[in-house]
Amino acid sequence: MSDPFADIRPYRDAEVAVVLSRLLDNSEFLAALAAYRLGRLASLMPNLMRSLVRYRLASEVRGVADVRSMQVIIERYMTRMIEGATSGFSVSGLEQLKPVRPHLYMSNHRDIAMDPAFTNYALHHGGYETARIAIGDNLLSKPWVSDLMRLNKSFIVRRSVNGPRELLAASKLLANYIRHSLLLENSAVWIAQREGRAKDGIDRTEPVVIKMLSMSRDKSKCDFGAHIEGLGIVPVAISYELDPCDAMKAKELFEKATKGCYEKAEQEDIASIAKGIAGDKGRVHVSFGTPLGCNLNTPDAVANEVDRQIITEYCLHPTNLYAYSRLYGSDALIATGFRVEEGSYSEAAFDARIAAMPAAHRPFALGIYANAVVRKLALAENLPTPC
């Protein structure tokens with residue numbers, strides 16, 4: 001039988017060994033890994049370092065012949081990363097979910113790779129099956145990147161298609177694949193609430209994402225609200241005490257504000273992924289909301305409820321309050337009543353971090369942290385939220 005999802009779905013068990021062999025023979029992949037792990041040494045002795053990386057990688061994946069075994073290796077890397085690049089990792093809300101039911105986890109989007117990685121780590125350690133991960137094809141500029149991501153339960157969101165007809169077809173295929181994963185293959189799915197990261201720190205669900213999900217609905221058999229309930233959408237709020245990419249984001253926000261546009265450097269997304277993985281994140285918290293019911297009858301209503309839960313569940317850190325007080329004054333935060341996690345980063349260290357950026361970029365960097373507080377205050381007071 002033909003597989004309508006063959007070009008976008010994650011690799012299956014029977015494909016893992018072949019893909020790993022292909023990666024081990026890809027000199028560009030080995031060079032990239034050597035540069036990431038060995039730094040300047042990789043440029044001084046490229047052939048030797050590639051050979052060493054290949055030997056080490058081959059020994060790590062020896063005997064790996066299915067997706068679960070691959071995930072075990074990835075979990076080891078995640079554990080090392082949490083120990084080395086965070087000051088603690090915590091989870092809340094999982095007890096509200098039923099492990100037997102696959103959910104569509106819809107999270108805010110602050111980091112390209114780490115948002116789904118932390119969600120899956122939380123699920124795995126909570127006794128839940130990990131989710132398949134939606135990733136835009138704009139991040140898969142190299143075949144080896146696509147191979148690597150699809151080995152880790154990622155499926156491809158085609159954003160680079162041209163023309164309305166092609167976009168419609170790609171969106172419908174994606175919607176059908178997500179529904180197929182959830183309802184026919186009993187596999188959970190992770191998807192961001194929007195296309196692209198919330199670089200300004202304003203988490204907002206794009207209704208177009210909900211409209212895409214509704215494209216798998218059989219209108220003759222199921223109304224919109226029942227379809228949404230059937231997908232088992234669970235909002236997820238991921239918060240980082242520190243954003244490793246804050247300076248990069250602030251620069252982009254400044255240039256867009258002053259020049260009207262921003263032109264990415266070649267491989268900038270790959271650099272952001274590397275920095276997001278290796279950079280100091282301080283404390284990280286993943287909070288799971290409650291599944292959406294059948295009473296939401298429009299894409300806007302669904303988006304609003306996802307926003308409400310993400311804003312409510314978002315875990316504030318002291319860095320959010322430091323930034324808010326720098327922009328709006330410390331008196332504005334008196335008696336807000338919001339729960340704030342214990343921090344690992346002092347106020348003086350945070351001020352020094354912001355001061356190290358160009359002066360014109362600093363207000364944008366502060367906004368990345370402060371807007372989580374702005375959104376909570378707006379929701380609590382039923383005020384319009386910032387655009």
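The values are calculated or read from the model by the stated rules, or taken from the named source; none is laboratory data. Note that this is a predicted model, so its numbers are computed, not measured. Here the Cβ positions follow ideal geometry from the backbone for every residue, glycine too, while neighbour counts run over all protein chains shown.
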Residue identified as out of contact with any Gly (no Cβ under 7 Å at 6 or more places or on another chain) and either hydrophobic (A, V, I, L, M, F, W, C) or farther than 21 Å from N120 by Cβ (or both) among D300, D200, D243: D300
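So that you can scan it fast, the table gives a plain yes or no per residue for (1) surrounded by fewer than 23 Cβ atoms within 10 Å (Cβ to Cβ); (2) in the same structural domain as L148 (by TED's automatic domain parsing); (3) of a type outside the set (G, A, S); (4) over 23 Å from K98 (Cβ atoms):
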{"residue": "T205", "(1), (2), (3), (4)": "no, yes, yes, yes"}
{"residue": "M212", "(1), (2), (3), (4)": "yes, yes, yes, yes"}
{"residue": "I228", "(1), (2), (3), (4)": "no, yes, yes, no"}
{"residue": "L231", "(1), (2), (3), (4)": "no, yes, yes, no"}
{"residue": "P235", "(1), (2), (3), (4)": "no, yes, yes, no"}
{"residue": "P299", "(1), (2), (3), (4)": "yes, yes, yes, yes"}
From the residues in region 252-274 that are among the aliphatic types (A, V, I, L, M) and modelled with pLDDT under 95, which one is surrounded by the fewest Cβ atoms within 10 Å (Cβ to Cβ)? A265
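Does A117 meet the test of being more than 21 Å from I74 (Cα to Cα), among the aliphatic types (A, V, I, L, M), modelled with pLDDT of 95 or more and in a helix (DSSP H, G or I)? It would help to see each step written out before you state the result.
Numbers: more than 21 Å from I74 (Cα to Cα): no; among the aliphatic types (A, V, I, L, M): yes; modelled with pLDDT of 95 or more: yes; in a helix (DSSP H, G or I): yes.
No; evaluated as a whole, the condition is false for this residue.
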Residues of region 3-22 classified as touching a residue at least 60 places away in the same chain (Cβ under 8 Å) and exposed (fewer than 13 other Cβ atoms within 10 Å of the Cβ), total: 2
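Condition test on Y36, is it hydroxyl-bearing (S, T, Y) and touching an Asp or Glu at 6+ places or on another chain (Cβ under 9 Å)? I'd like the intermediate steps shown before the answer.
Details: hydroxyl-bearing (S, T, Y): yes; touching an Asp or Glu at 6+ places or on another chain (Cβ under 9 Å): no.
No; evaluated as a whole, the condition is false for this residue.
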Can you name every residue in region 124-136 that is in a loop (DSSP other than H, G, I, E, B), small (G, A, S) and surrounded by 15 or more Cβ atoms within 10 Å (Cβ to Cβ)? G126, A131
Scan region 23-53 residue by residue and report those that are closer than 30 Å to A170 by Cα and surrounded by fewer than 13 Cβ atoms within 10 Å (Cβ to Cβ). E28
Single condition G282 does not satisfy, out of (1) within 21 Å of R204 (Cβ to Cβ); (2) in contact (Cβ under 8 Å) with a residue 12 or more places away in the chain: (1)
Is there a residue in region 137-147 that is touching a residue at least 24 places away in the same chain (Cβ under 8 Å), buried (at least 22 other Cβ atoms within 10 Å of the Cβ) and under 19 Å from the mean Cα position of the chain (by Cα)? no
Subset of region 159-179, residues surrounded by fewer than 19 Cβ atoms within 10 Å (Cβ to Cβ) and either of a type in the set (F, W, Y) or touching a Gly at 6+ places or on another chain (Cβ under 8 Å) (or both), comes to R159
All but one of (1) under 30 Å from P207 (Cα atoms); (2) crowded, with 22+ Cβ neighbours inside 10 Å hold for I277; which doesn't? (2)
Just one of (1) free of Cβ contacts under 8 Å to residues at least 12 places away in the same chain; (2) at positive phi trips up G232, so point out which. (1)
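Take the residues in region 320-354 that are part of a helix (DSSP H, G or I) and exposed (fewer than 10 other Cβ atoms within 10 Å of the Cβ); name whichever of them is modelled with the highest pLDDT. Steps first, please.
Of region 320-354, the ones part of a helix (DSSP H, G or I) are 320-328, 330-333, 347-354.
Cutting the leftovers down to exposed (fewer than 10 other Cβ atoms within 10 Å of the Cβ) gives us 331, 348.
On the way: D331: 65, A348: 97.
Filtering region 320-354 for residues that are part of a helix (DSSP H, G or I) and exposed (fewer than 10 other Cβ atoms within 10 Å of the Cβ), the one modelled with the highest pLDDT comes out as A348.
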